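Where a number appears in this text, it was derived from the coordinates with a stated rule and is not lab data. Not measured: the values here are computed from a predicted model. Ideal geometry is used to build each Cβ from the backbone, glycine not excepted, and the neighbour counts take in all protein chains shown.
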Amino acid sequence: MTNQLDSLMGIAGVLECCVPVLSLAAYIPQWRKLLVARNSESISLISWVIWAVAYVISVFYAVVLLQVTGFGWPLVATTALGLCFVLFTMVLVWRFRPQRKAVDKNHLSQKPQIF
């Protein structure tokens with residue numbers, strides 16, 4: 001039974017290592033589009049922040065699991081890499097946000113004229 005469990009854990013570890021490759025394949029088209037268009041107005045930065053928080057929790061879980069069981073390096077590596085992908089996407093979204101026009105402070109300080 002132990003050999004079967006060890007084999008199963010080995011297979012699970014290899015499959016877990018495939019996650020960043022598959023994730024990267026999904027992120028590349030989005031990154032390419034952002035880099036070419038240089039506009040992220042239609043992309044929700046709040047959604048990416050939520051995904052980043054979810055990945056931080058996942059990394060925490062993976063590290064705790066590794067410390068408690070001694071197993072799970074592939075999970076730590078893949079969740080940490082996933083967090084890096086999300087953070088990079090957030091940087092691109094933030095970087096290519098259209099700049100808001102500055103408010104004219106002189107206009108705001110002028111009192112309305114009453115006739």
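Among the conditions (1) surrounded by 13 or more Cβ atoms within 10 Å (Cβ to Cβ); (2) not in a loop (DSSP other than H, G, I, E, B), Val14 misses just one, which is (1). Taking the criterion of being touching a helix residue (DSSP H, G or I) at 6+ places or on another chain (Cβ under 6 Å) and among the hydrophobic types (A, V, I, L, M, F, W, C), the residues of region 67-86 that qualify are Leu75, Val76, Ala80, Leu81, Leu83, Phe85, Val86. Summed over region 18-47, the residues that are in a loop (DSSP other than H, G, I, E, B) and β-branched (Val, Ile, Thr) give a count of 1. The number of residues in region 33-46 being of a type in the set (Lys, Arg) and more than 17 Å from the chain's Cα centre (by Cα) comes to 1. May I ask you to list the residues in region 17-38 that are in contact (Cβ under 8 Å) with a residue 24 or more places away in the chain and surrounded by 13 or more Cβ atoms within 10 Å (Cβ to Cβ)? Matches in region 17-38: Cys17, Val19, Pro20, Ser23, Leu24, Tyr27, Gln30, Trp31, Leu34.
Checking each residue in region 47-76 for being more than 11 Å from the chain's Cα centre (by Cα), surrounded by fewer than 17 Cβ atoms within 10 Å (Cβ to Cβ) and either more than 25 Å from Leu15 (Cα to Cα) or in contact (Cβ under 8 Å) with a residue 60 or more places away in the chain (or both) picks out Phe71, Trp73.
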